[in-house]
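So the structure is just underneath, and the comments pick up after that.
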Amino acid sequence: MAQDEAAVILVDADACPVKDEIYRVANRYRVPVKVVSNSRLRVPPVDRVERIVVDDGFDAADDWIAARAAPNAIVVTADILLADRCLKAGASVVAPNGKPFTSASIGTAVATRAIMADLRAGGDTIGGPPPFTKADRSRFLQTLDETIVRLRRMG
């Protein structure tokens, strides 16, 4: 894939802690970014970054992203069900902590999510995800970089 912007980064942006990192990497590789949210978020004033504000309907941002997920897309999300949908469409999916979702790992992630939801529904008090760290940010930058390079080699 040449630097003709064949790749695209789709960001599930409402709670994404690595938007600035995405902008930096996307700028270096000249990859367009679509920042999808239910509310108006600040984005850099550059042509390659587009803000997409969807309605506040349940899963509206997820539906918008999933409808555009394709083999040339890199989806950044922590949402396991959205990751599953995007992987099925052939997209690459990276969590904000830098861990890639893959077809080999998504089944376990979906099952674990279901178990945790059942425990919460049953009244069990369980902790949330671990706090976001500098190591997560660093891992994300490395994984996003590697994913763009891999897509370009394949294209």
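A short reminder: the numbers here are calculations on the coordinates, not readings from a lab. Just so we're clear, the structure is a prediction, and the values are computed from it rather than from any experiment. So basically every Cβ, Gly included, is an ideal-geometry build from the backbone, and we count neighbours across all protein chains shown.
Between Arg150 and Ser138, the contour length at 0.36 nm per residue exceeds the alpha carbon distance by 2.5 nm. Of the GluC sites (Glu not before Pro) found in the range 5-109, the ones in coil according to DSSP and having at most 16 other Cβ atoms within 10 Å of their Cβ are Glu5.
Taking the empirical scaling 2.2 N^0.38 Å for compact globular proteins as reference, the chain has a Cα radius of gyration ratio of 1.04.
The residues packed around Ala89, meaning those with a beta-carbon under 14 Å from its beta-carbon, carry a net charge of 0 if Lys and Arg are +1 and Asp and Glu are -1.
Rounded if a/c is under 1.5, else prolate if a/b is larger than b/c, else oblate: which is the range 1-71, with a ≥ b ≥ c the root eigenvalues of its Cα gyration tensor? Cα axes put the range 1-71 in the oblate bin. Using alpha carbons only, how many degrees (0 to 90, rounded to 10) separate the axis of helix 134-154 from the longest principal axis of the chain? So the helix axis and the longest Cα principal axis differ by about 50 degrees. Each Cα pair under 8 Å and six or more residues apart adds its separation to the average, and for the chain the resulting relative contact order is 23 percent. Within the range 1-72, the chymotrypsin sites (Phe, Trp or Tyr not before Pro) that combine a DSSP coil assignment with at most 14 other C-beta atoms in a 10 angstrom radius are Phe58.
Using r as the Cβ-Cβ distance of Ile126 and Ser105, and R0 as 22 Å, what FRET efficiency do you calculate, to the nearest 0.05?
Working from the Cβ atoms, E equals 0.60.
Compared with the dominant Cα axis of the chain, that is its longest principal axis, helix 19-29 is turned about 30°. The distance from the alpha carbon centre of the range 130-155 to that of the range 11-35 is 11 Å, rounded to a whole number.
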